[in-house]
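J.: First the structure, then my questions, so here it is.
The values are calculated or read from the model by the stated rules, or taken from the named source; none is laboratory data. These figures come from a predicted structure and were not determined experimentally. Using ideal geometry, Cβ is built from the backbone for each residue, glycine included, and neighbour counts are taken over all protein chains shown. Protein only, heavy atoms only, side chains kept; ligands, DNA and RNA dropped before computing areas. Shrake-Rupley method; radii C 1.70, N 1.55, O 1.52, S 1.80 Å.
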Amino acid sequence: MKPSFHPRLVNEPFSDPGLFIPFLFERRALLFDLGDLSALSARDLLKVSHVFVTHTHMDHFVGFDTLLRLLLGREKEIHLFGPSNFIQKVEAKLSAYTWNLIESYDNTFSITVAEIRGEKGVIQSYSSRNRFKPAGAQRQIPFKGNLLSEQSFSVDAVLLDHKIDCFGLSLKENFSINIIKEGLKGLKLPVGPWLRAFKKALHEGRDPAQKFRVTWQDRDRVTKEKYFPLGELKERIARISPGQKITYITDIIGTPENMEKAVNLALDSNHLFIEAPFLDKERDVARTKYHLTAREAGLIAARARAKELTLFHFSPRYFGREKELIQEAMAAFQSGS
Ligand SMILES: [Zn+2]
């Protein structure tokens, strides 16, 4: 199985949290959290279409300026999502700068912000054409756990307790496509870049009756092509299986209620990225700071039946001792206790 998403932590686990999720089939990416982004290239950041900010503590939001600086002057629309007070925080960032010259720029950079408050969401847009003043009235939307839903994937969130609301985030691919080699042989088709376009067409849910062009170069570099109805080609060469699920949990207190919410969000994840800032023997410190212990992180992973576990957001007090955090979390993950 080849997943459509290849998530990776933006920084090493002692630095600011963040998950960069590029798409395999297009020049696009999602970003969970906006901490220090200097480890991402401009090329990577330009792929980002949607950013999900767990909460606006500085280590999760200081990268807003980096993104703004890069995108300003470009023809680009970006979508931001965050919990309570997020719109106010974004507006405070935007109002920190002077925008008297940007109206004359050739390109328009626009920002759409969605803030989730309990079971409701509020959406507000901003444009460089209008000096990033709020464009029109705020729109209300209901919130039942889903932040974004597209043909090939969705992003869900749950509000967790960090003394303030903090998003737990989950990305779910709707399905995954495996290519059957015998099917290709049967149709006398070679593997090649066209398979990428084929998978993209399926992920986008295109009409099965639509003609799909398979093209390749033969040994003499002569371009060959064949046309198939997309649905027929899918029957012959593709096997559809459940898509992968990626969950990202950080900055939450390890109360039973919070942990249960986190487990429900992360249930059956292929890959769980979760904070492990403190050792369990320093649980009192973790509680005071509204963070998990490594053991609690491992327990959430075990109860959620996560297949793979990646830990991050280590407290600097464990610098050089990160193995202790990892061992504690992995022991709880493997034993479930
Ligand atoms: Zn925090």
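J.: Please go through region 272-308 and give me each residue that is within 16 Å of the ligand (Cβ to nearest atom), surrounded by 24 or more Cβ atoms within 10 Å (Cβ to Cβ) and among the β-branched types (Val, Ile, Thr), ordered by number.
T.: Result: Ile274, Thr293.
J.: Pairs under 8 Å by beta carbon, first residue without any contact (Cβ under 8 Å) to a residue 12 or more places away in the chain and within 12 Å of Tyr318 (Cβ to Cβ) in region 279-293, partner more than 16 Å from the ligand (Cβ to nearest atom) and of a type in the set (Val, Ile, Thr), six or more apart or different chains?
T.: Every condition considered, no pair remains.
J.: Just to verify a result, which residue in region 251-270, among those that are open to solvent by less than 30 Å² (accessible area, probe 1.4 Å) and within 16 Å of the ligand (Cβ to nearest atom), is nearest to Arg303 (Cα to Cα)? Write out each step before concluding.
T.: Step one: list which residues in region 251-270 are open to solvent by less than 30 Å² (accessible area, probe 1.4 Å), which gives 251-254, 258-259, 262-263, 265-266, 269.
This time we only want the ones that are within 16 Å of the ligand (Cβ to nearest atom), so: 251-254, 258, 262.
Values: Asp251: 19, Ile252: 17, Ile253: 17, Gly254: 14, Asn258: 13, Ala262: 10 Å.
Only one residue fits best here, namely Ala262.
J.: State which residue pairs qualify: first residue free of Cβ contacts under 8 Å to residues at least 24 places away in the same chain and inside region 87-108, second residue open to solvent by 70 Å² or more (accessible area, probe 1.4 Å) and part of a loop (DSSP other than H, G, I, E, B) in any location, beta carbons under 6 Å apart, and separation of 6 or more residues or different chains.
T.: none
J.: Right, next: For region 313-332, enumerate the residues that are crowded, with 24+ Cβ neighbours inside 10 Å and over 13 Å from Asp280 (Cα atoms).
T.: Of everything in region 313-332, just one residue is crowded, with 24+ Cβ neighbours inside 10 Å and over 13 Å from Asp280 (Cα atoms), namely His313.
J.: Quickly run through region 53-75 and pick out the residues that are open to solvent by less than 40 Å² (accessible area, probe 1.4 Å), in contact with a strand residue (DSSP E or B) (Cβ under 8 Å, 6 or more places away or on another chain) and more than 15 Å from the ligand (Cβ to nearest atom).
T.: Here is the first cut: in region 53-75, the residues open to solvent by less than 40 Å² (accessible area, probe 1.4 Å) are 53-55, 60-61, 63-64, 67-68, 70-71, 73.
The next check asks that each one be in contact with a strand residue (DSSP E or B) (Cβ under 8 Å, 6 or more places away or on another chain); those that pass are 53-55, 67, 71, 73.
Hits for region 53-75 are Leu67, Leu71, Gly73.
J.: Name the single residue that is least open to solvent (accessible area, probe 1.4 Å) among those in region 76-88 being within 16 Å of the ligand (Cβ to nearest atom) and among the polar types (S, T, N, Q).
T.: Top of the filtered list is Ser84.
J.: Name the single residue that is nearest to the ligand (Cβ to nearest atom) among those in region 133-149 being open to solvent by 60 Å² or more (accessible area, probe 1.4 Å) and within 17 Å of the chain's Cα centre (by Cα).
T.: Among them, the one singled out is Asn146.
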